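Student: Quick one: the structure is below, questions incoming.
The values are calculated or read from the model by the stated rules, or taken from the named source; none is laboratory data. A quick note: this is a predicted structure, and the numbers were derived from the prediction, not measured. Positions of Cβ are backbone-derived with ideal geometry, glycine not excepted, and every protein chain shown enters the neighbour counts. Ligands, DNA and RNA are stripped out before the accessible areas are found, and what is left, the full protein with its side chains, is counted by its heavy atoms. Shrake-Rupley method; radii C 1.70, N 1.55, O 1.52, S 1.80 Å.
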Amino acid sequence: ASLNSDHRVWRSLESILVYLKALFHEHLGHEVRFQMDRFSLTFENGLEIEVSTLDFLVKKEFWLKAQHSLETDSEQGQAMRHGHDMRLKVAMQYEVFKGLLGRVQEMTKVVQKEILDRYNNGFLNRYFPTPTGEVLTMSFFKTLKAKGLGRHLFAVDLDETARNTFTATLDGPLPTSE
């Protein structure tokens, strides 16, 4: 009975995969990866969809260019300002596939309005007393949760540099920096 059940689940996942490929193929490139209990699609525009027998995890990548200062040069008494091109990845979790394309579009609109339009090409010290990666990631998570992504928001990742990566979830920040 277990084998038949697993077979039905995989037939359903295969049907979803065929549907996803057809839905996105005309507009986006794709790469499909299979694992034992899930598959994922990765698109050229930074969108990633993972499907398991229980849920869909949708991840979208954005880029944020901003400056900040974490220290003061004691000799000159001025902030040591520097900038980053930061990768922001937002992950949403859904139980039902229906309306997924609309959900991705809504997530993109919210991130654009609440994060990118506000902070891109800006000086982060104007908005945050101590604009560290940890502070930014938790702030972005809380903002997106409050501004329309609600209960489906799963995680926010921020890569400040190749060596400084931060993740915020419902449980708080995860220590992922080196």
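Student: So, taking all protein chains as they sit and a 1.4 Å probe, how much accessible area belongs to Val110, in Å² rounded to tens?
Tutor: The value for Val110 is about 10 Å².
Student: Separate question: With a point put 7 Å past each Cα toward its Cβ, work out how far Thr169 is from Glu61 in nm, to one decimal.
Tutor: Inter-label distance under the simple model: 2.2 nm.
Student: Please give me the summed charge of the neighbours of Lys89: other residues whose Cβ is under 11 Å from its Cβ, Lys and Arg +1, Asp and Glu -1.
Tutor: Working: positive: Lys59, Lys60, Arg87; negative: Glu48, Glu61, Asp157, Asp159.
Result for the local shell: -1.
Student: Compute the orientation-averaged projected area for segment 89-157 from the convex hull of its Cα atoms and round it to one decimal in nm². Could you put the intermediate results ahead of the total?
Tutor: Values: hull surface 18.8 nm².
Average projection, Cα convex hull of segment 89-157: 4.7 nm².
Student: Note down the accessible area of Ser69, probe 1.4 Å, to the nearest 10 Å².
Tutor: 10 Å²
Student: Roughly how many nanometres apart are two label points built 7 Å out from the Cα toward the Cβ at Arg81 and Arg126?
Tutor: With each label placed 7 Å out from Cα toward Cβ, I get 1.0 nm.
Student: Keeping every protein chain in place, order Met86, Met138 by accessible area at 1.4 Å, biggest value first, i.e. largest first.
Tutor: Numbers: Met86 0, Met138 40 Å².
Descending accessible area places them as Met138, Met86.
Student: If we count every other residue with Cβ under 10 angstrom of Leu158's Cβ, Lys/Arg +1 and Asp/Glu -1, where does the sum land? Write out the running numbers ahead of the final one.
Tutor: On the way: positive: Arg87, Lys89; negative: Glu134, Asp157, Asp159, Glu160.
That works out to -2.
Student: Separate question: Sort Glu95, Glu114, Glu134, Glu61 by heavy-atom solvent-accessible area, probe 1.4 angstrom, most to least. Walk me through the intermediate numbers first.
Tutor: Details: Glu95 150, Glu114 15, Glu134 95, Glu61 55 Å².
Per-residue accessible area, sorted high to low, gives Glu95, Glu134, Glu61, Glu114.
Student: Show me the ranking of peptides 148-155, 121-128 by mean Cβ neighbours inside 10 Å, starting with the highest. Numbers along the way, then the final one.
Tutor: On the way: 148-155: 16.5, 121-128: 14.2.
Result, highest mean first: 148-155, 121-128.
Student: Ok, one more. Net charge near Gly133: determine it from the other residues with C-beta under 11 Å of the C-beta of Gly133, scoring Lys and Arg +1 and Asp and Glu -1. Walk me through the numbers on the way to the answer.
Tutor: On the way: positive: Arg163; negative: Glu134, Asp157, Asp159, Glu160.
Summing Lys/Arg as +1 and Asp/Glu as -1 gives -3.
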